[in-house]
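The values are calculated or read from the model by the stated rules, or taken from the named source; none is laboratory data. This one's a predicted model, so the numbers in the text were calculated from it and none came from an experiment. Glycine also receives a Cβ, built like all others from the backbone with ideal geometry; neighbour counts cover every protein chain displayed. Keep in mind that these areas ignore ligands, DNA and RNA; they rest on the heavy atoms of the full protein, side chains included. Shrake-Rupley method; radii C 1.70, N 1.55, O 1.52, S 1.80 Å.
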Amino acid sequence: MSKRYALALAAALAVLVASRAVGATTWQSLAGAQSFDEAIQVEAFLPNELWVHVGDSITWTFPADEVHTVTFLKPGQVRPSNGAGCPGTTPDQSNFDGSACVNSGSLLEGRTYTVNFPTGGNFKVVCLVHANMTGAIHVLEQSEALPYQQTFYDDQAYTQRAGLLKDGAIQLGLLRARAQQNPGYQVNAGSGEIVATGGGSHTVSVYRFTPESIVVNVGDTVEWTNLDPVTAHTVTFGTEPSGPLQPPSAGVTADSDGARHAMFASPTDSLHSGFLVAAPQDRIGLAQANLAVARFRVTFTTPGTFDYICALHDEVGMTGQVIVHQARR
Ligand SMILES: [Cu+2]
């Protein structure tokens, strides 16, 4: 049985099982996707624009090891942090009509979350973890014709996922090639891109340090730069901070160009960069964002092998190593 046929069959069975009213349909979408090695994470609803009828539902399936949320805020509601929810979470099979927010909470591979739409309207769906993972749900009256069937959305999800994964793979390949051609003191701490659709935006991110291992001498300074337009990463040696991950550890200073900087002496010590992340996109009519802190420098003062992780993404393999040799006389 082809995968597409299986998906269509599963969708058809879901309709039969889940129908709550005569003619009500449960539509299918994805929240996230990833490459086999988990290095490329698609932060997107696939597809991110659906037209459904009043009384219909949409089930989002979470196939990735990076967390996402399916969240419908009230119109104009200030975007909360992921931990705060909208506030909190709402149960599977919640209704959304625009009067109260709906939030799945952070979900991982293997989970699903269904939202019912009892009234008409045009609604924005967002992921509270990934700012540029957004979409639109158009809830039309029963008397209106819907433009697409589930098979169209399945094809669209497949095509968009393939395109985003390909973009991420090209970025990772270019970064690895550049690191091989110009071995120096630079480490790339992630990259990515945001893609607009008619319904919102998709993000694809590379969750890898390139090069993953770098060799330097005592006294050298290694510089990490996060090139992702929206996703934060950290450079964390030793024990992860027990509290919030946004601030750097004590002793991290700012260079005159704004980059964070630390001296580091022992492979058994701990050191945390804090969030390295691009500035949020500016919007006309609002105060401009401060400059980003997307760069971290560490000067190594003793030889040794220094292993580190991204404290946000080590579970999908975002780890690295600095090997520090005694300088030659
Ligand atoms: Cu990361």
Original post:
Could you list, in sequence order, the residues of the range 239-263 that are open to solvent by 50 Å² or more (accessible area, probe 1.4 Å) and either over 11 Å from Gly274 (Cα atoms) or in contact with a helix residue (DSSP H, G or I) (Cβ under 7 Å, 6 or more places away or on another chain) (or both)?
Top reply: Thr239, Ser242, Gly251, Thr253, Ala254, Ser256, Asp257, Met263
**OP:** Any chance you could count how many residues in the range 201-245 are away from the ligand (no atom under 16 Å from the Cβ), under 28 Å from Gln34 (Cα atoms) and either in a strand (DSSP E or B) or aliphatic (A, V, I, L, M) (or both)?
**Re:** 5
Subject >> Search result, residues across the range 277-301 that are open to solvent by less than 50 Å² (accessible area, probe 1.4 Å) and either in a loop (DSSP other than H, G, I, E, B) or within 12 Å of the ligand (Cβ to nearest atom) (or both) >> reply: Val277, Ala278, Ala279, Ala289, Ala292, Ala294
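Restricting attention to the range 320-329, and to residues there that are in contact (Cβ under 8 Å) with a residue 24 or more places away in the chain and open to solvent by 60 Å² or more (accessible area, probe 1.4 Å), which single residue is nearest to the ligand (Cβ to nearest atom)?
Quick first cut of the range 320-329, residues in contact (Cβ under 8 Å) with a residue 24 or more places away in the chain only: 320-328.
Keeping just the survivors that are open to solvent by 60 Å² or more (accessible area, probe 1.4 Å) gives 325-326, 328.
On the way: His325: 27, Gln326: 31, Arg328: 34 Å.
My answer is His325.
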Original post:
So is Asp269 in the same structural domain as Val235 (by TED's automatic domain parsing), within 16 Å of the ligand (Cβ to nearest atom), more than 21 Å from the chain's Cα centre (by Cα) and closer than 17 Å to Pro241 by Cα or not?
Top reply: no
**OP:** From (1) within 25 Å of Asp314 (Cβ to Cβ); (2) more than 12 Å from the chain's Cα centre (by Cα); (3) surrounded by fewer than 21 Cβ atoms within 10 Å (Cβ to Cβ), pick out the condition that doesn't hold for Phe62.
**Re:** (3)
Subject >> Residue ID - least open to solvent (accessible area, probe 1.4 Å), chosen from residues in the range 302-314 that are more than 10 Å from the ligand (Cβ to nearest atom) and either in contact with a Gly (Cβ under 7 Å, 6 or more places away or on another chain) or within 30 Å of Glu109 (Cα to Cα) (or both) >> reply: Tyr308
**OP:** Read through the list (1) open to solvent by 60 Å² or more (accessible area, probe 1.4 Å); (2) modelled with pLDDT of 95 or more; (3) within 15 Å of Ala33 (Cβ to Cβ), then give the number of the only condition that Glu109 fails.
**Re:** (2)
Original post:
For the subset of the range 115-160 comprising residues that are of a type in the set (A, V, I, L, M, F, W, C) and assigned to a loop (DSSP other than H, G, I, E, B), which member is most open to solvent (accessible area, probe 1.4 Å)?
Top reply: Ala145
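Does Thr71 count as open to solvent by less than 30 Å² (accessible area, probe 1.4 Å), within 20 Å of Glu49 (Cα to Cα) and either modelled with pLDDT of 95 or more or among the hydroxyl-bearing types (Ser, Thr, Tyr) (or both)? Give the derivation first.
Values: open to solvent by less than 30 Å² (accessible area, probe 1.4 Å): yes; within 20 Å of Glu49 (Cα to Cα): yes; either modelled with pLDDT of 95 or more or among the hydroxyl-bearing types (Ser, Thr, Tyr) (or both): yes.
Yes: the conditions hold for Thr71.
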